[in-house]
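The values are calculated or read from the model by the stated rules, or taken from the named source; none is laboratory data. Not measured: the values here are computed from a predicted model. Cβ: placed from backbone, ideal geometry, glycine included. Neighbour counts: every protein chain shown. SASA here: full protein model, heavy atoms, side chains in, ligands and nucleic acids out. Shrake-Rupley method; radii C 1.70, N 1.55, O 1.52, S 1.80 Å.
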Amino acid sequence: MISFENGVFSLGTENFSYMFRLTAHGQLEHLHFGATVAMTDAQAFACKPGTGWGSSVNYDTDGTCLDILPLEWSGSGRGDYRESPMALDMATDFVYQSYEIYGGPAQMLCGLPQAQDVTETLEIVMAHPGGLTLKLFYSLVGEVLLRRSVLENRSEETITLHKLMSFSVDLPGSYEMTTFDGSWDAEMRKSKVSVGAAKVVHESLTGFSSNRHQPGFLLSEPGAGEDHGNVYGFNLIYSGNHYASCQRSFQGLTRVMQGINPENFTKILTPGEIFETPEAVLCWASDGFNGLSGKLHSFINSHIVPKYWQYRERPVLYNSWEGCMFDFNRGRLLDLASRAKKLGCELFVLDDGWFGARNNDKAGLGDYAVNRRKLPGGLKALADRVNALGMEFGLWFEPEAVNPDSDLYRAHPDWALTDDLQPVYGRNELLLDLTRPEVRDYIVENVSATLDSANITYVKWDMNRHSVALGAKAHAYILGLYDVLRRIFEPRPNILLESCSSGGNRFDLGMLCFSPQIWCSDDTDPVERLEIQNSLSYLYPQSTFGAHVSAAPHSQTLRNTPLSTRGNVSFFGCLGYELDLKHLVPTEEKEITHQIAFYKDYRRIFQFGRFRRLWAPEGLAWQVNGGSTVLAGLFHKLVAAAPGYEQLRLQGLQPQSRYCMTSREQLLRVGQFGGLVKHIAPVALDPNGFVLRTADRLYPMNDGVQTLEASGNALMSGVMLNARFAGTGYDPGSRNQGDFCSNVYTVQEMK
Ligand code: DGJ
């Protein structure tokens, strides 16, 4: 609901309000972003500067000083010395001219993706002497507010735009800023800083949203926790260089802004031209980080991912990469496909290496001719055989990049994006210049023809090269990318697109508008994935995480982890398997078959249930809630000697209902006990001998199933879990697990 009365704009739902008012001089004074309030509260929120502060420049002789006002937008050179969300080659002073409120969104002209099913939009027009117009858009969708700005050059002069943020706002109070930063293989490391007088800048400069700095971030009041306290979330529906800054003024106002990174950005606007910024997402919750995540998750599931895939269950997939890399042929792939089918996988994905001279990462990228030596019958023959096994078929592409050793590069070296210096390569690649229409046409035609040549229902869209594009070109590249994605996938809405960029190098809302899921990281070690998925969960729903079980020791860390934990972590996402299935022993096949069957039983809840991060002082715990069924995962890193009692404390249950809680039966390999089997075997066995090696391959043990009944209130207070292995021998009533162990509990309401 959006309304305007007595100079006050009020926006919101039943659960939040956002309010600002016009000042006497036509600025927009921010009043409130938080709990639902009434128009009549506006005066109470309004700033009371008294006689103001010394050492100020006044906007007018009445003593108005912009530097101390909480503003919705701010210019430069008029006395507000805080950071301005806009930079032109001159002072800027935009003042209110008019407003309009209408149903639905304000469509963008430049091709940036937008949230769907916006209910209402407020458009505010601000005018600048000389004929510049700034439009500020505020749209309501779900429980979030979208903001963006548009600059229109209605003057007779050409102007140069150096910076235009999607939004700026001054929030009264002190905040801590949580960001998620990292690198390849180690994405989304969470860190928190207090926002004080020194500006905190959070930005990406790689040309993409990047694994270095995730565009989404949080501001929370000091002391806020997972389930209590005021928390704000911000994100950008954009995949390019992003910028956000937060700074607290001496008067106690925290200025927050976010948009396209201004560094190296310039846009020339000739008379009549406009520049549109991406939509920014602003969200508030009073019930802590979990409360905020819940709102952001339903926003993304309902208004960001493509309509066809909203709340549509994702198949359990097998991906050939970690198992085969480039070394495969049709026979090997079909063998893997039939093994994957037996285990329960529903989709077989052929990763890199199927085209051109692509036998390693040095050649072939840019070409699309199928490698007939590896795949004699081509893609169709392979896809048909996979379909005949009862599985869908999916294919990997990396359309944005080119290897210099490729037919494409030999034919069109000028299509690669370079600067005037000696070319620099990333994974032996250059990016194609997606700002050029002929390059975009080449990609659209070749990817489309490949997709139409066989029954392909899934695409992994990879991108492994950071950009070198500077200036307006970096932004134009992203617009080119969106154009390509739109042209290929809008006519093929039922293809499940999973975006990937050396793992989670482009995990952002812009890509999610086209691809309902994103490959979180090239790191498939579950201990690392715990951190990556946990951090992602603050901003994104589990339906957007591609999460695979791989072989241990893990190729990224050399760490050895239990197969059960690899499955348990991946359950809280879109489950897949990515390892050489030929090397599985029967006990592992049994465990995987059980994992997939279990996941399928609860897939809807794992993918779309209400996700919460639970209290777990000694590990990490997650819960997904699907009404009468709740699933909880409890994960540990290193075991403790002589471990104490441990409780599981759930959330969101019916207090008086009775529930039955059972842990998933996980298979334990006898070999894990090594020489310790002497404690349970009736005869002395050689830990390296034939009997034990055979038993390890064929006869799994149970790591201790726990079942209990309790009321919702008891489960929410914290119920006692079975003892952990404590050096006193195997006991089927204990959790017989070592390092990196975990359990998944099913909690079912009883009738
Ligand atoms: C990088 C991706 O992140 C991997 O999953 C895999 O697809 C490789 N590229 C293939 O080259």
Leading residue by the ranking (nearest to the ligand (Cβ to nearest atom)) among those in region 447-456 that are open to solvent by less than 20 Å² (accessible area, probe 1.4 Å) and among the hydroxyl-bearing types (Ser, Thr, Tyr):
THR450
Restricting to strands (runs of 3 or more DSSP E) lying wholly in region 585-690: which have 3 or more residues that are under 21 Å from THR707 (Cβ atoms) and touching a Gly at 6+ places or on another chain (Cβ under 9 Å)?
620-626, 629-635, 658-663
Acidic (Asp, Glu) and open to solvent by 40 Å² or more (accessible area, probe 1.4 Å): is that true of GLU276 in this structure?
no
Failed criterion for ALA681 (all others in (1) more than 30 Å from SER298 (Cβ to Cβ); (2) touching a residue at least 12 places away in the same chain (Cβ under 8 Å) hold):
(2)
Looking at (1) out of contact with any Ser or Thr (no Cβ under 6 Å at 6 or more places or on another chain); (2) over 20 Å from THR158 (Cβ atoms), which is the only condition LYS267 fails?
(2)
Breaking point among (1) among the polar types (S, T, N, Q); (2) open to solvent by 10 Å² or more (accessible area, probe 1.4 Å); (3) part of a strand (DSSP E or B), for SER155:
(3)
Would you point out the residue of region 576-618, among those that are open to solvent by 30 Å² or more (accessible area, probe 1.4 Å) and touching a His at 6+ places or on another chain (Cβ under 8 Å), that is modelled with the highest pLDDT?
ARG610
Scan LEU432, LEU408 and give me the residue that is over 30 Å from the mean Cα position of the chain (by Cα) and more than 16 Å from the ligand (Cβ to nearest atom).
LEU408
I'd like to verify a number: residues in region 173-200 that are farther than 30 Å from ILE518 by Cα and open to solvent by 50 Å² or more (accessible area, probe 1.4 Å), how many?
5
Conditions (1) under 26 Å from the mean Cα position of the chain (by Cα); (2) without any contact (Cβ under 8 Å) to a residue 24 or more places away in the chain: number failed by GLU438
(1)
Every residue in region 691-724 that is open to solvent by 70 Å² or more (accessible area, probe 1.4 Å), farther than 14 Å from VAL747 by Cα and part of a helix (DSSP H, G or I), please.
VAL691, ARG693, ARG697, SER717
Could you run through region 426-446 and say how many residues are surrounded by fewer than 11 Cβ atoms within 10 Å (Cβ to Cβ) and either farther than 21 Å from ALA472 by Cβ or not assigned by TED's automatic domain parsing to the domain that holds PHE355 (or both)?
0
Does region 15-31 contain at least one residue that is open to solvent by 30 Å² or more (accessible area, probe 1.4 Å), closer than 20 Å to LEU134 by Cβ and in a loop (DSSP other than H, G, I, E, B)?
yes
Which listed residue is more than 14 Å from the ligand (Cβ to nearest atom) and either in a loop (DSSP other than H, G, I, E, B) or more than 25 Å from ARG436 (Cα to Cα) (or both), from LEU395, LEU333:
LEU333
Taking only region 223-272 into account, find how many residues are touching a helix residue (DSSP H, G or I) at 6+ places or on another chain (Cβ under 9 Å), part of a strand (DSSP E or B) and either of a type in the set (Phe, Trp, Tyr) or within 16 Å of CYS283 (Cα to Cα) (or both).
6
Assess whether VAL444 counts as being under 18 Å from PHE514 (Cβ atoms), within 16 Å of the ligand (Cβ to nearest atom) and of a type outside the set (Asp, Glu).
no
Among the residues of region 457-504 satisfying the criterion of being under 21 Å from GLN114 (Cα atoms), open to solvent by less than 20 Å² (accessible area, probe 1.4 Å) and assigned to a loop (DSSP other than H, G, I, E, B), which is nearest to the ligand (Cβ to nearest atom)?
CYS500
